[in-house]
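Colleague: Here you go, one structure.
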Amino acid sequence: MIDRDRVAAALRDSLHTVAEIPADKVSPDASIVSLGLDSLRLSEVIMEVEALLSLELPEATLLRLNDATTVGAIEQIVSEALAAHEEKVA
């Protein structure tokens, strides 16, 4: 079973590391735009999340992330991908 808190922590850490966004500014309802992220910066954040979770997100997941508008939406999409990955290796 996937721990969504693990994904949220990885995303929070990645936003801080890559985009220098303080953790207290990151909430599930925070919009990507309000955090000042453009598509390139968001891609860098996602690559960092992949590294922290030891996961390579499938192309279909990456395409879904293009439509995510909030931190919570990103958490949900990555959580689903991680759960699917863990089911494959189990």
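Colleague: Take the residues in the stretch 72-90 that are modelled with pLDDT under 90 and under 14 Å from the mean Cα position of the chain (by Cα); name whichever of them is surrounded by the fewest Cβ atoms within 10 Å (Cβ to Cβ).
Modeller: First pass over the stretch 72-90, keeping only residues modelled with pLDDT under 90: 82-90.
Still in the list and also under 14 Å from the mean Cα position of the chain (by Cα): 82-83.
Details: Leu82: 23, Ala83: 15.
Here the answer is Ala83.
Colleague: Right, something else. When you scan the stretch 29-36, do you find a residue that is within 25 Å of Ala90 (Cβ to Cβ) and either small (Gly, Ala, Ser) or surrounded by 12 or more Cβ atoms within 10 Å (Cβ to Cβ) (or both), even just one?
Modeller: Narrowing the stretch 29-36 to residues within 25 Å of Ala90 (Cβ to Cβ): none.
Checked against the condition, which is being within 25 Å of Ala90 (Cβ to Cβ) and either small (Gly, Ala, Ser) or surrounded by 12 or more Cβ atoms within 10 Å (Cβ to Cβ) (or both), the stretch 29-36 yields no hits at all.
Colleague: What number of residues within the stretch 43-71 are crowded, with 16+ Cβ neighbours inside 10 Å and either small (Gly, Ala, Ser) or under 9 Å from the mean Cα position of the chain (by Cα) (or both)?
Modeller: 8
Colleague: Still on this structure, I have one more. Does the stretch 51-63 contain at least one residue that is touching a residue at least 40 places away in the same chain (Cβ under 8 Å), under 16 Å from Val78 (Cα atoms) and aliphatic (A, V, I, L, M)?
Modeller: yes
Colleague: Can you tell me which residue within the stretch 1-23, out of those that are in a loop (DSSP other than H, G, I, E, B) and free of Cβ contacts under 8 Å to residues at least 40 places away in the same chain, is nearest to Thr70 (Cα to Cα)?
Modeller: Filtering the stretch 1-23 down to residues in a loop (DSSP other than H, G, I, E, B) leaves 1-3, 20-22.
Next, only the ones that are free of Cβ contacts under 8 Å to residues at least 40 places away in the same chain stay: 3, 20-22.
Numbers: Asp3: 19, Glu20: 17, Ile21: 14, Pro22: 16 Å.
Applying the filter and picking the extreme gives Ile21.
The values are calculated or read from the model by the stated rules, or taken from the named source; none is laboratory data. What you see is a predicted model; the values in this text were computed from it and never measured. Note: ideal-geometry Cβ built from the backbone for every residue, glycine included; neighbour counts use all protein chains shown.
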